[in-house]
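The values are calculated or read from the model by the stated rules, or taken from the named source; none is laboratory data. Just so you know, these numbers come straight off a predicted model, no measurement behind them. Cβ placement follows ideal geometry from the backbone for every residue including glycine, while neighbour counts extend to all protein chains displayed. What goes into the accessible areas is simple: the full protein's heavy atoms, side chains included, and nothing from ligands, DNA or RNA. Shrake-Rupley method; radii C 1.70, N 1.55, O 1.52, S 1.80 Å.
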Amino acid sequence: MSEPLTFPPLMWGEEATDDALDHAARRAALGCDAGLVSYILATDRAEAALVFAPEVPLKEAMTMLPLCGVGFQNALGALAPPEVALHLAWDGTIRINGARCGGFRVMSATNDPEAVPDWLVIGWSLPLLPVNAETGNDPDHTALFVEGCADVAPSDLVEAWARHTLNWLSRWENEGARPLAAEWRGLAHGVGEEVTQGALTGTFLGVDEAFGMLLRNDAKTHLIPLTTLLEDS
């Protein structure tokens with residue numbers, strides 16, 4: 001076990017042994033309070049997941065996915081060299097200097113968009129070292145430590161993510177989604193490009209007020225809600 005991490009008020013940590021998101025979802029299903037941060041600090045990867053107790057329907061609560069992504073970018077931006085660029089794909093994929101580098105996942109107590117979930121868990125996993133030493137064989141995938149971030153301590157990143165996410169949560173509660181949407185748009189990957197999401201391929205136009213993906217093909221614009229990204233809990 002590593003040294004316990006330090007979290008802001010209303011948050012506390014538990015070190016997981018297998019999968020941080022699964023650990024947090026199990027604890028949430030058993031009735032733990034919101035604010036639990038489960039984490040893994042391994043030699044080759046870092047993971048963290050945060051438990052929420054939404055008071056709004058799932059379709060609105062899913063805003064926590066891009067909110068946690070913005071918190072992550074703010075956290076890494078404060079720790080990494082300024083030349084390191086991080087962008088967020090709509091589906092939760094994290095891109096560092098243009099290449100895929102882990103991503104976010106989400107679980108909920110319900111899949112019903114209209115229901116208020118008992119709990120919602122947002123988590124991320126980030127490779128620290130490349131799977132293959134020959135990184136040039138797969139240029140679309142990378143790892144944190146080979147992108148100029150060898151001095152970023154994973155423990156500091158998890159703690160900073162919790163702080164920045166809590167800050168954005170407070171802003172979302174007090175100011176609404178507009179500031180978050182503006183911040184996210186500046187970090188979004190693939191807007192204006194052809195993307196494939198599920199069975200649909202088209203031009204990624206942006207998002208609606210609930211961060212649903214607007215995908216245009218064959219002269220028709222499709223709305224893909226964030227709830228389609230939910231994993232079975």
Item to complete: Sort out which residues of the stretch 12-36 are hydrophobic (A, V, I, L, M, F, W, C), surrounded by 16 or more Cβ atoms within 10 Å (Cβ to Cβ) and in contact with a Ser or Thr (Cβ under 9 Å, 6 or more places away or on another chain), and write them in order of number.
Response: A16, A20, L21, A24, A25, A28
Fill in: Those residues of the stretch 5-39 which are among the β-branched types (V, I, T) and touching a Leu at 6+ places or on another chain (Cβ under 7 Å), in sequence order
V37
Discussion item. Exactly one of these conditions fails for T63: (1) of a type in the set (S, T, Y); (2) open to solvent by 50 Å² or more (accessible area, probe 1.4 Å); (3) under 11 Å from the mean Cα position of the chain (by Cα). Give me its number.
Written reply: (2)
Discussion item. Going residue by residue through the stretch 75-95, is there one that turns out to be in contact with a Gly (Cβ under 9 Å, 6 or more places away or on another chain), open to solvent by less than 20 Å² (accessible area, probe 1.4 Å) and free of Cβ contacts under 8 Å to residues at least 60 places away in the same chain?
Written reply: yes
Worksheet entry | Restricting the stretch 1-48 to residues that are farther than 22 Å from G71 by Cα and among the hydroxyl-bearing types (S, T, Y), the residue that is modelled with the highest pLDDT | T43
Discussion item. Condition check: within 16 Å of R163 (Cα to Cα), assigned to a helix (DSSP H, G or I), touching a residue at least 12 places away in the same chain (Cβ under 8 Å) and not aliphatic (A, V, I, L, M). Does G69 satisfy that?
Written reply: yes
Discussion item. I'm trying to understand the selection: among the residues of the stretch 203-223, which are in a strand (DSSP E or B) and crowded, with 19+ Cβ neighbours inside 10 Å?
Written reply: F204, V207, M213, L215
Worksheet item: Can you tell me which residues in the stretch 14-39 are part of a strand (DSSP E or B) and without any contact (Cβ under 8 Å) to a residue 40 or more places away in the chain?
Response: E14, E15, L36
Fill in: Yes/no for V51 being in a loop (DSSP other than H, G, I, E, B), in contact with a Cys (Cβ under 8 Å, 6 or more places away or on another chain), at pLDDT 95 or above and open to solvent by less than 30 Å² (accessible area, probe 1.4 Å)
no
Item to complete: Report yes if R105 is of a type in the set (D, E, K, R) and over 16 Å from E15 (Cα atoms), otherwise no.
Response: yes
Item to complete: Report, by residue number, each residue of the stretch 155-180 that is open to solvent by 20 Å² or more (accessible area, probe 1.4 Å), in a helix (DSSP H, G or I) and either closer than 18 Å to L229 by Cβ or in contact with a Phe, Trp or Tyr (Cβ under 7 Å, 6 or more places away or on another chain) (or both).
Response: E159
Fill in: Output for the stretch 116-150, where each listed residue is at pLDDT 95 or above, among the hydrophobic types (A, V, I, L, M, F, W, C) and in a loop (DSSP other than H, G, I, E, B)
V116, W119, L128, L129, A143, C149, A150
